[in-house]
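Only one structure is covered here, and it is reproduced in the block below.
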Amino acid sequence: MVIERTSDGILIKTTAPVNMKAVQKIIDYFNVLEITSRGQGTEEQAAALADEVNKKWWAENKGRFIK
């Protein structure tokens, strides 16, 4: 894996096969960091994001709790 800082941002390269669900979670996390670093989000946007994350988490994990 190679991580580079460029003038436009951060570039991450990997040659090994990776789990794309895990990659998407990392991208989502970076999106949250980027949004919060600008301090432009409202409480309503934060609540909407939390609802979306919770719905996605429940859809992926409800089978662990409801058999």
Response to the item:
In segment 15-45, residues that are β-branched (Val, Ile, Thr) and either open to solvent by less than 70 Å² (accessible area, probe 1.4 Å) or at pLDDT 85 or above (or both) total 6
Practice prompt. Please tell me if ILE3 is open to solvent by 100 Å² or more (accessible area, probe 1.4 Å) and in a strand (DSSP E or B).
Written response: yes
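For segment 36-61, how many residues meet the condition of being assigned to a helix (DSSP H, G or I) and either of a type outside the set (D, E, K, R) or closer than 17 Å to GLN24 by Cα (or both)?
Narrowing segment 36-61 to residues assigned to a helix (DSSP H, G or I): 36-38, 43-61.
If we keep only those that are either of a type outside the set (D, E, K, R) or closer than 17 Å to GLN24 by Cα (or both) too, we end up with 36-37, 45-50, 52-61.
Qualifying residue count for the region: 18.
The values are calculated or read from the model by the stated rules, or taken from the named source; none is laboratory data. For clarity, every value in this text was computed on a predicted model and none was experimentally measured. We work out accessible area using only protein heavy atoms, side chains counted, and drop any ligands, DNA or RNA first. Shrake-Rupley method; radii C 1.70, N 1.55, O 1.52, S 1.80 Å.
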